[in-house]
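The values are calculated or read from the model by the stated rules, or taken from the named source; none is laboratory data. Every value quoted in this text rests on a predicted model; they were computed, and no experiment measured them. Cβ atoms come from the backbone with ideal geometry, glycine included; neighbour counts cover every protein chain shown.
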Amino acid sequence: MATMDQATAEMKEEKTWAVTWGTFLSEVKKEGFIAAPMVAVSVLQYLLQLVSMIMAGHLDQLALSSVAIAISLTNVTGFSLLSGMAGGLETLCGQAFGAGQYQKLGTYTCTAMIYLLLVCPPICVLWIFFDKLLPLVGQNPQISHEAQIYSVWLIPALFGGAILKPLTRYFQSQSSIFPMLLSSFVILLFHILTSWAFIYKLELGVKGSAISFSLSTWLYVVLLWLYAMFSSSFEETRLAFSMESLVHIGLFFRLAVPSAVMICLTISTLHFTISYGFGAAASIRVSNELGAGNPQAARVAVWAAMFLSVTEAVIVSTTLFCCRYVLGHVFSSEKPVVDYVVVMAPLICISVFMDSVQAVLSGVARGSGWQHIGAYVNLGAFYLVGLPVGCALGFALGLRGKGLWIGIVAGSAVQSALLALITSFTNWTKQAKRARERVFAERLSEDSEAN
């Protein structure tokens, strides 16, 4: 009898495992269909800046240095800041879509556009004075001047980004990736042609590279906006500016600022654009399932995203290490630059793995709505660990760029470990309840006022 009961228990356990394994594979498939085109979109968007750097880099070393610094600084102080703030939409739009509150997606997106446009003017002031600020931290005056020229002509792209970043989250939260993929490909071809024409044919140099990027950004905005306004796919979620868009600014602010802190401290490499695709897929699936009140499905989505991301990281890091002797030639013909890339390759491979883990976990944070916790983790990991280690190794011990990168890796490792710990202890049932409360709070308020 005992043997029969034991066999029955084992059969039940096996059946439960089969269902769990099947659910996991189903979730991997769902996230793969979201992540693959999203990765392509992220890479195509990043390639706009990469094309600018490559084309300018083959002018001379001054152009390469100035454009590289300008791109890094405008990303950290501008584009990544906007991207991070727009991350608040991944919580609001994703959970609203999962809860079936489709009309709120358009309202939330317009709120984000208004908010990000208001953020742009102070950033513009900072960019205009790059030629005065960079020499104060020891940068070559000539490089600082060229970097300032590039940044000033990039200002139109900043305002375009304030509209584009919310638009891409609007598409993303509805898993409508193909229009972005097609538009990104068209924009990349446009950017390559205009960059070549402005830099080499019209001989505008660094300025021409920035003008091309600004034109490409606004063309991207126009294409996505037209599709969003006239496609039948967005009939229930149509974009609409109204007084309600202003009302939501406070709610968006509470999610936008922590999101910005999370993103700005981590976007630094081409690979992160790939990792961000997996993080976006995790954010979409987690937010949709929490909004729909399915905590167990949200948990499975986290594990599926981690599986996909780690698999990708192993493949990419191995490929980068094997190609380390030819990688530098893509960016420059200068031998010191090429040789230094070879030295830095092992550290870049470690960064690839760390980026993959933290990108997915940050996506989970955005989808769940606990960006504030992620922001504290990022600040602590980079300012209490990464920055001191990088400065000590880079300046005190004379390792320079290698030491600074080791500091980044150390910060990323601490960040990933802490986010993983927090995620493992997350109460998904409570998160689903909070998501439902967030989405339906305004509706209940409106019904009570009507009565």
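Residues are listed down the side, and each one gets a yes or a no for (1) surrounded by 13 or more Cβ atoms within 10 Å (Cβ to Cβ); (2) in contact with a Gly (Cβ under 8 Å, 6 or more places away or on another chain); (3) of a type in the set (G, A, S); (4) closer than 18 Å to W153 by Cβ:
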site: H191; (1), (2), (3), (4): yes, no, no, yes
site: S195; (1), (2), (3), (4): yes, yes, yes, yes
site: K201; (1), (2), (3), (4): no, no, no, yes
site: G205; (1), (2), (3), (4): yes, no, yes, yes
site: L226; (1), (2), (3), (4): no, no, no, no
site: S231; (1), (2), (3), (4): no, no, yes, no
site: L239; (1), (2), (3), (4): yes, yes, no, no
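The residue list G32, G98 contains one member that is farther than 27 Å from L188 by Cβ and of a type in the set (G, A, S), which is G98.
Entry remark, the range 173-189: residues being buried (at least 24 other Cβ atoms within 10 Å of the Cβ) and under 14 Å from L92 (Cα atoms) number 1 in total.
Taken as a whole, the condition of being out of contact with any strand residue (DSSP E or B) (no Cβ under 7 Å at 6 or more places or on another chain) and free of Cβ contacts under 8 Å to residues at least 24 places away in the same chain applies to L136. Is it the case, given these coordinates, that L167 is surrounded by 22 or more Cβ atoms within 10 Å (Cβ to Cβ) and out of contact with any Gly (no Cβ under 9 Å at 6 or more places or on another chain)? So L167 passes the test. Criterion applied to S144, S151, S65, S52 was being at pLDDT below 80 and more than 30 Å from K433 (Cβ to Cβ), and the one residue passing it is S65. Filtering G363, G367 for residues that are in contact with a Lys or Arg (Cβ under 8 Å, 6 or more places away or on another chain) and closer than 29 Å to K430 by Cβ leaves a single hit, G367. Sort out which residues of the range 165-201 are farther than 22 Å from G100 by Cα and of a type in the set (S, T, N, Q), and write them in order of number. Correct list: S183, S184, T194, S195. Quick one: how many residues across the range 68-87 are touching a Leu at 6+ places or on another chain (Cβ under 6 Å) and either among the charged types (D, E, K, R) or at pLDDT below 80 (or both)? Residues flagged as touching a Leu at 6+ places or on another chain (Cβ under 6 Å) and either among the charged types (D, E, K, R) or at pLDDT below 80 (or both) within the range 68-87 amount to 0. The residue of the range 81-122 that is farthest from A435 (Cα to Cα), among those that are of a type in the set (S, T, N, Q) and assigned to a helix (DSSP H, G or I), is S83.
If you filter the range 383-437 down to residues that are over 22 Å from the mean Cα position of the chain (by Cα), among the aromatic types (F, W, Y) and part of a helix (DSSP H, G or I), you find that the one that is farthest from A359 (Cα to Cα) is F395. Exactly one residue among W370, W405 is surrounded by 18 or more Cβ atoms within 10 Å (Cβ to Cβ), out of contact with any Asp or Glu (no Cβ under 9 Å at 6 or more places or on another chain), of a type outside the set (K, R) and at pLDDT below 80, and that residue is W405. Going by the conditions given, is A345 crowded, with 18+ Cβ neighbours inside 10 Å and either part of a loop (DSSP other than H, G, I, E, B) or in contact with a Cys (Cβ under 9 Å, 6 or more places away or on another chain) (or both)? Here the answer is yes, as A345 does meet what is asked.
Here I187 passes the criteria (1) within 15 Å of L44 (Cα to Cα); (2) among the hydrophobic types (A, V, I, L, M, F, W, C); (3) at pLDDT below 85 except the one numbered (3).
Residues checked against (1) at pLDDT below 80; (2) crowded, with 16+ Cβ neighbours inside 10 Å; (3) more than 23 Å from P295 (Cα to Cα):
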site: G386; (1), (2), (3): no, yes, yes
site: L393; (1), (2), (3): no, yes, yes
site: A396; (1), (2), (3): yes, no, yes
site: V409; (1), (2), (3): no, yes, yes
site: T429; (1), (2), (3): no, no, no
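Checked against the criterion of being over 20 Å from the mean Cα position of the chain (by Cα), of a type in the set (A, V, I, L, M), assigned to a helix (DSSP H, G or I) and within 28 Å of A228 (Cα to Cα), the range 139-157 contains one or more residues that satisfy it.
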